[in-house]
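Here is the structure we will look at.
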Amino acid sequence: MTDFRCAVASRERGDELAGTASTVRSYLLVEHPGPWGAEALRDARLPDGLGARLAEDARRHRVRVLLTRRPGRRTPGQGTRVFAARAAGADSWLETTVLDRIDDVTGLDLAALGAGRSLGLERVDAPLLAVCTHGRHDACCAELGRPVALALADGPHADAVWEVSHVGGDRFAGNLVVLPRGLYYGALEPGSARAVADATHAGEVLLDHLRGRSDLPMAAQAADVALRREHALVGLDDVQATTVRSDGELTTTRFEVRGQGLLDVVVRRVPGEGSHLLTCSARREGAAPRHEVVEVRAGS
C-alpha cells in the first residue's frame, strides 16, 4: 500500500480541469450494490457472463455502462433501476425503468441507445448527479468521492444523487457527472459539490470545477469552457457548439454564443510538462497534456 494519492498530486501541480472529460454521448447506468472490484463489469458480482456481454455490447455500440447505487447503500433493493441517457446539448435526454432482475438488462437495445434513440423508458425531467466512488479502481475516487456523494444525499437534491463506477480522470477526484448533459466536474469537495448541484438545478454550470461536456472532443470542451469564462456565461445553452474541425494539433470549434453570435475558437493541444504518476495505481509516469486557446474570431 502506498501513501501516494494522484488527486492530491494533481491539485498540487495545478493540472488544468478544462478539456478533460471523457468523450461519451450515450450512457447506461445499471443499479448494483457492489462490491464493484477494480473493473466493474469484469469484477462485480454479476450473473455469469453478464458483465462480459455488457462490456462487449457497450464497446460495439459506443455506450458507457456504469454500475450505480444510492449513496451508502450496499444491499440490493427491489428490482434493478436502470437509466439511459444521451448527451446532446439542448437535445439531451434521460429515461429510466426498474427491471425485475439485473439479467433483464440484456433486453435493452444498446444499438439504439448508441445511435441516440430512445429506449422507450420513462422520461426523467430532472438532472441526475452521478458521483464516482469507485475506490477499488482508484483510492482517490472513494476517499474524495464518497464524502461528496454523502453530502449531496443529505441536501435538497438528494433524490438526484447516485454513486457510480469509474467515469475517467481519477486524478480529478472527486468527480461528478451531470446527466443527461454529460457535464463533468472535478476536484470537488462537499461544499463545491453542493454548489454544482444548486447551479445544475438552476439550469447553469459552475465554471470553477467544470471539466467539460462529454459530447464534445476534449479540445472543443476546452474551447467551450474558455468562452464561458471570457464572457461570464453560465446558462446551459448560452454556448452551443455547431461544428468541430481538427487539423493536426489544432482544433477549430464554431459556437453560437448568447449575445455574441457565431464565434470560432482555435485550440492547440500542448504536451504536458514533465512526467508524473497520473493515477494511484500507475506504474509508469506519463505527461498530462493541456489545451491553449490560439485564436477567437467571428464566424462567417
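The values are calculated or read from the model by the stated rules, or taken from the named source; none is laboratory data. Please read these numbers as outputs of a predicted model, since none were measured by experiment. Using ideal geometry, Cβ is built from the backbone for each residue, glycine included, and neighbour counts are taken over all protein chains shown.
Does any residue of the stretch 19-27 turn out to be at pLDDT 95 or above, part of a strand (DSSP E or B) and either closer than 14 Å to S165 by Cβ or out of contact with any helix residue (DSSP H, G or I) (no Cβ under 8 Å at 6 or more places or on another chain) (or both)? Yes: the stretch 19-27 contains one or more residues that are at pLDDT 95 or above, part of a strand (DSSP E or B) and either closer than 14 Å to S165 by Cβ or out of contact with any helix residue (DSSP H, G or I) (no Cβ under 8 Å at 6 or more places or on another chain) (or both). Scanning the stretch 1-18 for residues that are within 17 Å of the chain's Cα centre (by Cα) and not in a helix (DSSP H, G or I) yields a count of 3.
Every test in (1) crowded, with 23+ Cβ neighbours inside 10 Å; (2) more than 18 Å from A87 (Cβ to Cβ); (3) hydroxyl-bearing (S, T, Y) is passed by S281 save one, and that test is (1).
In the stretch 1-24, the qualifying residues are those that are of a type outside the set (A, V, I, L, M) and touching a Gly at 6+ places or on another chain (Cβ under 7 Å), and the one that is surrounded by the fewest Cβ atoms within 10 Å (Cβ to Cβ) is S22. Just to be sure I understand, how many residues within the stretch 202-215 are assigned to a loop (DSSP other than H, G, I, E, B) and surrounded by 23 or more Cβ atoms within 10 Å (Cβ to Cβ)? The total comes to 3.
Inspect the stretch 49-60 for any residue being in contact with a helix residue (DSSP H, G or I) (Cβ under 7 Å, 6 or more places away or on another chain), at pLDDT 90 or above and not in a helix (DSSP H, G or I) and give the result as yes or no.
no
Just name the residue that is farthest from L128 (Cα to Cα) out of those in the stretch 25-52 that are loosely packed, with under 14 Cβ neighbours inside 10 Å and of a type in the set (D, E, K, R). Across the stretch 25-52, the extreme among qualifying residues is D48. Would you check if there is a residue in the stretch 115-137 being farther than 22 Å from G77 by Cα, in a helix (DSSP H, G or I) and assigned by TED's automatic domain parsing to the domain that holds W93? For the stretch 115-137, residues farther than 22 Å from G77 by Cα, in a helix (DSSP H, G or I) and assigned by TED's automatic domain parsing to the domain that holds W93: absent.
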